[in-house]
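Undergrad: Got a structure for you, written out below as structure tokens; questions coming shortly.
The values are calculated or read from the model by the stated rules, or taken from the named source; none is laboratory data. In this text, all values refer to a predicted model and were calculated from it rather than measured experimentally. Quick reminder, even Gly has a Cβ in these numbers, built from the backbone with ideal geometry, and neighbours come from all protein chains shown.
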Amino acid sequence: MRVLHFLAVGMWTGLLAAEVILEWSCREGAAARTAAVVHYWLDLLVEAPLVLAVTASGAYLLLGAWPPGPVLAWKLALGAVPIVSCCWSITLVVRRYGRRDEPEALAAGRRRVLLSALAVGPGVVALYLGLRLQGLM
């Protein structure tokens, strides 16, 4: 299960990097509309299932490590930040998709979606702590 969890986290991280590149490179006009459509489908078909896989596999692993020690508790708290941020971002992407023909809505939606990238920092620390707990670092 640890391998599955790590694989899902890695796939999710790669997808997030691709989404940030998509949002940064398609800022205005038809490209912004295309980014809204592509990001919508990526979130529904790939990101949401990956977040579910990370959450479910993490919860399963937590059952075997209960009660969590201090390092694991920090890892859980920091790992929850990108999960919550991603769920918030998915709702923003879905709302923006509904207004994809409005340039002002696309610009505002893009800024809000990019704000969710601030969760990368806590996610990286959670990844580091998880690897330390497994003796891989």
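Undergrad: Return the total of residues in region 108-117 being surrounded by 14 or more Cβ atoms within 10 Å (Cβ to Cβ) and either basic (Lys, Arg) or under 16 Å from the mean Cα position of the chain (by Cα) (or both).
TA: Start the filter on region 108-117 by keeping residues that are surrounded by 14 or more Cβ atoms within 10 Å (Cβ to Cβ), which leaves 108-110, 112-114, 116-117.
Applying the additional criterion that residues be either basic (Lys, Arg) or under 16 Å from the mean Cα position of the chain (by Cα) (or both) yields 110, 112-114, 116-117.
Adding up the residues that qualify gives 6.
Undergrad: Let me ask another. Does Ala105 satisfy being modelled with pLDDT of 95 or more, among the aliphatic types (A, V, I, L, M) and either surrounded by 13 or more Cβ atoms within 10 Å (Cβ to Cβ) or under 23 Å from Met11 (Cβ atoms) (or both)? First the steps, then the outcome.
TA: On the way: modelled with pLDDT of 95 or more: no; among the aliphatic types (A, V, I, L, M): yes; either surrounded by 13 or more Cβ atoms within 10 Å (Cβ to Cβ) or under 23 Å from Met11 (Cβ atoms) (or both): yes.
Spelling it out, it is not the case that Ala105 is modelled with pLDDT of 95 or more, among the aliphatic types (A, V, I, L, M) and either surrounded by 13 or more Cβ atoms within 10 Å (Cβ to Cβ) or under 23 Å from Met11 (Cβ atoms) (or both).
Undergrad: Also, quick follow-up: Looking at region 88-102, which of the residues that are among the aliphatic types (A, V, I, L, M) and surrounded by 17 or more Cβ atoms within 10 Å (Cβ to Cβ) is nearest to Gly14 (Cα to Cα)?
TA: Of region 88-102, the ones among the aliphatic types (A, V, I, L, M) are 90, 92-94.
From the residues that got through so far, the ones that are surrounded by 17 or more Cβ atoms within 10 Å (Cβ to Cβ) too are 90, 92-93.
Numbers: Ile90: 16, Leu92: 20, Val93: 18 Å.
Going through the qualifying residues, I end up with Ile90.
Undergrad: Another question, then. Go through region 24-37 and give me each residue that's without any contact (Cβ under 8 Å) to a residue 24 or more places away in the chain and either among the hydroxyl-bearing types (Ser, Thr, Tyr) or buried (at least 17 other Cβ atoms within 10 Å of the Cβ) (or both).
TA: Those that are without any contact (Cβ under 8 Å) to a residue 24 or more places away in the chain and either among the hydroxyl-bearing types (Ser, Thr, Tyr) or buried (at least 17 other Cβ atoms within 10 Å of the Cβ) (or both): Ser25, Cys26, Thr34.
Undergrad: Which of (1) surrounded by 13 or more Cβ atoms within 10 Å (Cβ to Cβ); (2) not in a helix (DSSP H, G or I) does Trp66 not meet, given it meets every other one?
TA: Exception for Trp66: condition (1).
Yes or no, residue by residue, for (1) in a helix (DSSP H, G or I); (2) in contact (Cβ under 8 Å) with a residue 60 or more places away in the chain:
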| site | (1), (2) |
| --- | --- |
| Val54 | yes, no |
| Ser57 | yes, no |
| Val71 | yes, yes |
| Ala77 | yes, no |
| Val81 | yes, no |
| Ser89 | yes, no |
| Arg100 | no, yes |
| Leu106 | yes, yes |
| Ala117 | yes, yes |
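Undergrad: Just to be sure I understand the filter: pairs with C-beta atoms under 9 Å, separated by 6 or more residues or on different chains, first member in region 11-23 and among the small types (Gly, Ala, Ser), second member buried (at least 16 other Cβ atoms within 10 Å of the Cβ). Which pairs pass?
TA: Ala18/Leu42
Undergrad: Let me ask another. Any idea which of Ala77, Ala65 is closer than 19 Å to Met1 by Cα and out of contact with any His (no Cβ under 6 Å at 6 or more places or on another chain)?
TA: Details: Ala77 fails: closer than 19 Å to Met1 by Cα.
On inspection, the qualifying residue turns out to be Ala65.
Undergrad: For Ser89, indicate whether it is within 16 Å of Val20 (Cα to Cα) and either hydroxyl-bearing (Ser, Thr, Tyr) or over 18 Å from the mean Cα position of the chain (by Cα) (or both).
TA: Yes.
Undergrad: Could you list all residues from region 1-37 that are farther than 20 Å from Thr91 by Cα and among the polar types (S, T, N, Q)?
TA: Ser25, the sole residue that qualifies.
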